[in-house]
Structure formats: structure tokens, C-alpha cells
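Worksheet: the structure to be examined is printed underneath.
The values are calculated or read from the model by the stated rules, or taken from the named source; none is laboratory data. Note that the coordinates shown come from a computational prediction; the quantities given were computed from them, not determined experimentally. FYI the Cβ positions are ideal-geometry reconstructions off the backbone, even for glycines, and counts take in every protein chain you see.
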Amino acid sequence: MWARDRHHSILALLSARGQVSNDLLMQELQVSRETIRRDILELEASGQLKRVHGGVIAAEVPPEPPFRIRMRSSAAEKQRIGVAAAKLIKPGMMCAIDTGTTTLAFAAALAGVPDISVVTNSLDVATTIRGAQPNAEIILLGGQMDTDVPGTFGEQAISSMQQFVPDVAILSPVAISSERGATSYALAEAELGRAMIDRATRVILLADHAKIGAMSRVRLCGCDEVDVLVTDRDAPAEELAALQTKGVGEVVLA
């Protein structure tokens, strides 16, 4: 098993249990104590967990606010970001779009682009584009409904995503920093976002200024996997420069 896969498995166990012993990790991953120790040190250095005697606990990351509250937060910035991002989409493109308040603003702006195809796990994105473009091709990924976020997640949604090769994936992470790259709060959201990134030709991330330089607990992707970052003009210039140094291809200020 590759280190990246082990890290993913460790974080998945931690997300489910909150605290995991080293012995359980060795048993679940079928690796040596030394391998587990190296993995834990790397994950702790990136802020994704904390070591305790005999095991690890989840990093202390503030919980993400409920979806409907996030809808009202930085609404004007998200609308501008959505409009700017929609200008990057050309007629005829297939777009993979994850669920989020900023991608919903993007979907509202995208409704003006003709002949698009959309693959999404977001109920709101699907209905927004369908309402504006009755003839648009919209594929809603099947899967488990989340208790808060109006979208589908899980193995079925990820498996469905494997059937498509979109021109672009448009995602809105919880945070993006030069230190950790793009991160999410929930493992299920990061897993599906990762599947979209892996299948897409280009990757566009949408993040208002509050997310720039911030960090959450589950890795989505590295800076070098981001072709375009669309943010607002209040984003810290030093952090934007650091993001591009780490591999972000282009920054668009809305």
C-alpha cells in the first residue's frame, strides 16, 4: 500500500472513531510499527492529526458551520466569484461540480452558458441549472444523502464519477493554503472531490478570501493540481503569491 493510501486510511479511521491506537492501525493496514510511526509523523506535521500516548487523535479543527448558514456568509463575494468562474467555461464543455455554497453561486452564473453538460452530486446545482436551461445535459450522481449538505456521497457516487471525463472540475474547498494545499472538513466530501479531480482535464477551485491561507482536516489536493484559483480581491496577496509558488497555475480575482 502506498503512503498516500495509508494516510487516507488512517484519516478515515480517525474520522469515524476520533481516536485510534497504533496497534489498531498496524492491524488494519498490515504494516510495521515503524511504518505507522513515519505516517503519523507526516500527518502530524501537516496538521491533520495529533499524537497521544499509544495512538493518535483528530486535530483540533473548528467544525464547519451548517450549510444554510454558510449560504448567507460572504454572499456578495461568492456571487462575484461565481460570475468570474463562469467566464472560464466555454459552450459545449462538460463540467464536474461539487456541492457547496460557492459552487452554487457558480451554477447560477453558469446557467447563461449554452450547450453545457454537468456532472454533479449537488441537488441545488442540478436544479439551478435545470431551471435556467431545460435542455442542458445534467447527470446527478447517485449515492447517500448527507444530513446537512444537500448532495450525494459515498462509494456509489464515487463509482458513478469514474464513468465520466469532464473538461473541467469546479470545486469549493473549505480552505486552501500554501502549506497544506486544498482541504475539506468532511472525509466524504473530500473523497468525491478527489474523484472529480482525478477524472477532469483541468481543475478550478473557488474560494473567498476567508478560505485563503486557512486549513481544515482532510486533504483534497495539492497546490500543483490546481489550474485556476478564483477568489475575491480581499484575499491576502502574500498568500496568493505563496500558492502560485507551490504550483497553483493561475489566480483570478473577482
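Any chance segment 134-142 includes a residue that's under 18 Å from Leu205 (Cβ atoms) and not basic (Lys, Arg)?
Just the residues of segment 134-142 that are under 18 Å from Leu205 (Cβ atoms), to begin with: none.
So far as segment 134-142 goes, no, none of its residues is under 18 Å from Leu205 (Cβ atoms) and not basic (Lys, Arg).
Does segment 180-209 hold any residues that are more than 24 Å from Glu77 (Cα to Cα) and touching a residue at least 40 places away in the same chain (Cβ under 8 Å), and which are they?
Leu187, Ala188, Leu192, Met196, Arg199, Ala200
If only one of Gln156, Gln162, Gln144 is farther than 24 Å from Lys90 by Cβ, without any contact (Cβ under 8 Å) to a residue 60 or more places away in the chain and in contact with a Lys or Arg (Cβ under 8 Å, 6 or more places away or on another chain), which one is it? Lay out the reasoning, then the answer.
On the way: Gln156 fails: in contact with a Lys or Arg (Cβ under 8 Å, 6 or more places away or on another chain); Gln144 fails: in contact with a Lys or Arg (Cβ under 8 Å, 6 or more places away or on another chain).
Checking each option against the conditions leaves just Gln162.
What pairs can you find where one residue is in segment 44-57 and modelled with pLDDT of 80 or more, the other is basic (Lys, Arg), and their Cβ atoms are less than 9 Å apart, with a gap of 6+ or different chains?
Glu44/Lys50; Glu44/Arg51; Leu49/Arg217; Val56/Lys50; Ile57/Lys50; Ile57/Arg51
Does Thr102 satisfy being outside any strand (DSSP E or B), farther than 30 Å from Glu42 by Cα, in the same structural domain as Gly222 (by TED's automatic domain parsing) and touching a helix residue (DSSP H, G or I) at 6+ places or on another chain (Cβ under 8 Å)?
Criteria met by Thr102.
Restricting attention to segment 1-31, which residues are farther than 14 Å from Gly55 by Cα and loosely packed, with under 11 Cβ neighbours inside 10 Å?
Once the filter is applied, which keeps residues that are farther than 14 Å from Gly55 by Cα and loosely packed, with under 11 Cβ neighbours inside 10 Å, segment 1-31 yields Trp2, Arg4, Asp5, Ala16, Gln30.
Could you look through segment 5-60, keep only residues that are assigned to a loop (DSSP other than H, G, I, E, B) and within 26 Å of the chain's Cα centre (by Cα), and pick out the one that is nearest to Glu189 (Cα to Cα)? Don't jump to the end; show me each part of the working.
Residues of segment 5-60 assigned to a loop (DSSP other than H, G, I, E, B): 18, 30-32, 46-48, 53-54, 59-60.
Pick out the ones that are also within 26 Å of the chain's Cα centre (by Cα) and you get 18, 46-48, 59-60.
Values: Gly18: 18, Ser46: 19, Gly47: 19, Gln48: 16, Ala59: 18, Glu60: 19 Å.
Of everything passing the filter in segment 5-60, Gln48 is nearest to Glu189 (Cα to Cα).
For residues that are of a type outside the set (D, E, K, R) and under 11 Å from Gly249 (Cβ atoms), tally how many sit in segment 200-226. Steps first, answer last, please.
Our first condition is that a residue be of a type outside the set (D, E, K, R); within segment 200-226, this holds for 200-201, 203-207, 209-210, 212-216, 218, 220-223, 226.
Still in the list and also under 11 Å from Gly249 (Cβ atoms): 203-205, 223, 226.
Of the residues in segment 200-226, 5 are of a type outside the set (D, E, K, R) and under 11 Å from Gly249 (Cβ atoms).
Within segment 67-87, how many residues turn out to be modelled with pLDDT of 95 or more and buried (at least 18 other Cβ atoms within 10 Å of the Cβ)?
Step one: list which residues in segment 67-87 are modelled with pLDDT of 95 or more, which gives 80-87.
Add one more test, that the residue is buried (at least 18 other Cβ atoms within 10 Å of the Cβ), and what stays is 80-82, 84-86.
Qualifying residue count for the region: 6.
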